[in-house]
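Novice: For reference, the structure I am asking about is given below.
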Amino acid sequence: MTGGGVNGGMSRGGWNGRAVFFLVVAIVGLVGTWTFNIAAIVGRRNYVGDWLQSGPAVLSLTVDVLIAAVAVVAFMLFESRRLGMRRVWVYVVLIPLVALAFALPLFLAMRERALVARRGGGTGGAGGATAGGTTAGDANTGGAA
């Protein structure tokens, strides 16, 4: 890799420092949430019941996450359209099926790659393509959602 760092310097295939950071956060979110999901499944817990019946603090957290998820979905739809990222529905589906803590940073990593490709900064590897299959040349087509 060339460049890099947290400041978002350019590297192969649009994987700059910010994109790599968000990818690492996505992996931590995946492992962190599914560690507890698997424990709940193995322990035969009532997953939804635990969310809704474990008191005001858990309900507050539940409402907090659900409202944040609505805002995140709107951001994903608007931003993917603006950048010409395709298949944004995959990230939206990942929110309830896997975890918001995984889907959001994964989207942000792919968004960063789209921004790099749009600026013409991606070199080698994927040829500047984004996860959604767009390149800098067709980033303005609005092929989102």
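The values are calculated or read from the model by the stated rules, or taken from the named source; none is laboratory data. Because the structure is a prediction, the values reported are computed rather than measured. Every residue, glycine as well, gets a Cβ built from its backbone with ideal geometry; the counts of neighbours run over all protein chains shown. Heads up: the accessible areas ignore ligands, DNA and RNA and are worked out on the full protein's heavy atoms, side chains in. Shrake-Rupley method; radii C 1.70, N 1.55, O 1.52, S 1.80 Å.
Novice: Restricting attention to the range 96-128, which residues are at pLDDT below 50 and either among the hydroxyl-bearing types (Ser, Thr, Tyr) or surrounded by fewer than 18 Cβ atoms within 10 Å (Cβ to Cβ) (or both)?
Specialist: Correct list: 123, 124, 125, 126, 127.
Novice: Does the range 71-87 include one or more residues that are farther than 17 Å from residue 115 by Cα, touching a Leu at 6+ places or on another chain (Cβ under 9 Å) and open to solvent by less than 40 Å² (accessible area, probe 1.4 Å)?
Specialist: Yes, there is a match, as at least one residue in the range 71-87 is farther than 17 Å from residue 115 by Cα, touching a Leu at 6+ places or on another chain (Cβ under 9 Å) and open to solvent by less than 40 Å² (accessible area, probe 1.4 Å).
Novice: Next question, about the same structure. State all residues of the range 23-42 that are open to solvent by less than 50 Å² (accessible area, probe 1.4 Å) and at pLDDT 90 or above; if no residue qualifies, say none. Spell out how you get there, then give the answer.
Specialist: Keep residues of the range 23-42 that are open to solvent by less than 50 Å² (accessible area, probe 1.4 Å), which gives 26, 29, 32-33, 37, 40.
Listed by number, the residues that qualify are 26, 29, 32, 33.
Novice: Then there is this: Is there any pair with a first residue in the range 73-84 that is under 18 Å from residue 99 (Cβ atoms) and a second that is assigned to a helix (DSSP H, G or I) whose Cβ atoms are under 6 Å apart and which are 6 or more apart or on different chains, and what are they?
Specialist: Short answer, once both residue conditions are applied: 73/92; 76/91; 76/107.
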